[in-house]
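One structure below.
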Amino acid sequence: LAIAWIYQDQYRGAGLKMLPANGEKPSLVGLIAVVHAMVLLPVTLWARSLGLAGDAYALTALLLGCWYLLASVQFAEDPNTNPARRLLWTSLAHLPMLLAALTIDHVRLLQ
């Protein structure tokens, strides 16, 4: 969503239809970003409940998820290029950091 928001003019110029078409309904785009971030939080915590990771991972997942949710809320409140760019960079950092925490914690549990 953030990429489509930032580059909506280029997508439109190429004839591609993306969700934030013509900058219309920015509140809908922001709401969808927030809902996705809210759903992501419990999904990332499943590894803990399945026994694949421990408390360190769960805490890391919770903190990273809150960081991602905050970036989404900021984008929803101010649907402009800068908050969209922050959301994009947050999403790019979130997954590798989450997977690193999961790997480290899982290896620790195996020992």
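The values are calculated or read from the model by the stated rules, or taken from the named source; none is laboratory data. A quick note: this is a predicted structure, and the numbers were derived from the prediction, not measured. Because the Cβ atoms are built from the backbone with ideal geometry, glycine has one as well, and the counts that use them run over all protein chains shown. Each accessible area value is taken on the protein alone, full model and side chains, heavy atoms only, with ligands, DNA and RNA left out. Shrake-Rupley method; radii C 1.70, N 1.55, O 1.52, S 1.80 Å.
Solvent-accessible surface of the stretch 1-108, averaged per residue with a 1.4 angstrom probe and all protein chains in place: 60 square angstrom. Sorting Arg108, Arg48 by solvent-accessible area of protein heavy atoms yields Arg108, Arg48, largest first, with a 1.4 Å probe.
At 20 °C and 1.002 mPa s, what whole-number value in µm²/s does Stokes-Einstein give for the translational diffusion of the chain, with Rh from the Kirkwood sum over Cα pairs? Could the numbers behind the result be given before it?
Working: Rh = 15.0 Å.
This corresponds to a translational diffusion coefficient of 143 µm²/s.
Using a simple spin-label model with pseudo-atoms 7 Å out from Cα toward Cβ, His106 and Ile32 lie 3.1 nm apart. For a quick check, take a GNM of the chain with Cα springs below 10 Å and name the residue from Ser91, Ser27, Ser49 with the largest mean-square fluctuation. It is Ser49.
At a 1.4 Å probe, what is the % contribution of carbon and sulfur to the accessible area of the stretch 1-83? Write out the running numbers ahead of the final one.
Values: 3220 of 4970 Å².
Answer for the stretch 1-83 is 65 percent, counting heavy atoms of protein chains only.
Based on the Cβ-Cβ distance from Ala14 to Leu99, what FRET efficiency comes out when R0 is 30 Å, to the nearest 0.05? Calculated transfer efficiency: 0.40. Counting only Cβ charges, +1 for Lys and Arg and -1 for Asp and Glu, the dipole size of the chain around its Cα centre is about 160 debye.
Extension gain for Leu59-Lys25 works out to 8.7 nm (0.36 nm per residue, less the C-alpha to C-alpha distance).
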